[in-house]
1. Is there a residue being buried (at least 20 other Cβ atoms within 10 Å of the Cβ) and farther than 16 Å from LEU200 by Cα anywhere in segment 149-166?
2. Please pick out the residue among LYS222, LYS202, LYS197 that is open to solvent by 50 Å² or more (accessible area, probe 1.4 Å), touching a helix residue (DSSP H, G or I) at 6+ places or on another chain (Cβ under 7 Å), without any contact (Cβ under 8 Å) to a residue 24 or more places away in the chain and closer than 27 Å to GLU152 by Cα.
3. Among the residues of segment 90-98, are any within 14 Å of the chain's Cα centre (by Cα) and modelled with pLDDT of 95 or more?
4. List the residue pairs whose Cβ atoms are under 6 Å apart, where the first residue sits in segment 129-140 and is within 14 Å of HIS98 (Cα to Cα), the second is of a type in the set (Gly, Ala, Ser) and part of a loop (DSSP other than H, G, I, E, B), and the two are 6 or more positions apart or on different chains.
5. Could you say which residue among LEU144, LEU159, LEU130 is touching a strand residue (DSSP E or B) at 6+ places or on another chain (Cβ under 8 Å), more than 23 Å from ILE209 (Cβ to Cβ) and at pLDDT 95 or above?
Amino acid sequence: MNFKTGLVTTVVAAVVAALVTAATIAVVWKLAPGAVNVSSFDEKRIIKVVRDYLTKNPEILVEMTNELDKRQAAEQAEKQQKVISDNAEAIFRSPLAHVAGNPNGDVSVVEFFDYNCGFCKRALPDVVKLAQNDNKVRLVLKELPIFGEESEGAAKVALASAKQGKYFEMYQKLFTEPGKADKDKALRIAGELGLDKAQLEKDMQDPEIQKSLDEAKELANKLGLQGTPLFLIGDRSIPGAPDDLYDQLTKNVAEVREKGCKATC
């Protein structure tokens, strides 16, 4: 049984159970109390009637599923806003994260990413475009190496490169250079960018580097992040890299700029 089949089966069972209960209540409601023995109802017959009806009208299940999706999305958004508000300092203003764009900008756009994430790579041009076109945006970059040791090695080199003023260049190069991102690739890129590689390797051992990665991971867990990238524009979020990412980013930036955040941001 696949996930979709299992979900439909569960939904059908829930619908049947609910309608059986509703049918029973309706009958009892129409009859005077004590005039009928509820236990004598033919539950199997009622279930068959309900199943037959749902089979002939399957669009009801689609409507129910859509409504369930809407309610769950609303609940998730509400929970996420609370997490953002409760952790605003760490999300938007942590000294452990690198800030590109305008450090004193009026709207913060946070990205959680991994250099070996295909969707993060696809999002890069839109992220850079936003930073270049809007000089009031603070771009807060959260290294979240979820694809293992190779990603973590690249992330540590990138974070260490900030001490030599080349973080944003490293960030872009690690996405645009072909091949998997790892420590060796990152060190090669660092050399091409003119960084002192010996000093870079020393700086990678700074405890603050690991603290930065740990903080991003903890925040991602609290936010219920399912994958990278995740963008937070104030207390609004964009998961993944949709085709209209740039339009969504600019739209949300404009809304935050005009209306502010519902939660603390």
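1. yes
2. That would be LYS197, the only listed residue that is open to solvent by 50 Å² or more (accessible area, probe 1.4 Å), touching a helix residue (DSSP H, G or I) at 6+ places or on another chain (Cβ under 7 Å), without any contact (Cβ under 8 Å) to a residue 24 or more places away in the chain and closer than 27 Å to GLU152 by Cα.
3. Within segment 90-98 (the criterion being within 14 Å of the chain's Cα centre (by Cα) and modelled with pLDDT of 95 or more), the answer is yes, since at least one residue qualifies.
4. From segment 129-140, the pairs are VAL137/GLY105; ARG138/GLY105; VAL140/ALA97.
5. The unique qualifying residue is LEU130.
The values are calculated or read from the model by the stated rules, or taken from the named source; none is laboratory data. Source: prediction; values computed, not measured. Cβ sites come from the backbone with ideal geometry, for glycine too, and all protein chains shown count toward neighbours. Only protein heavy atoms, including side chains, enter the accessible area calculation; ligands, DNA and RNA are left aside. Shrake-Rupley method; radii C 1.70, N 1.55, O 1.52, S 1.80 Å.
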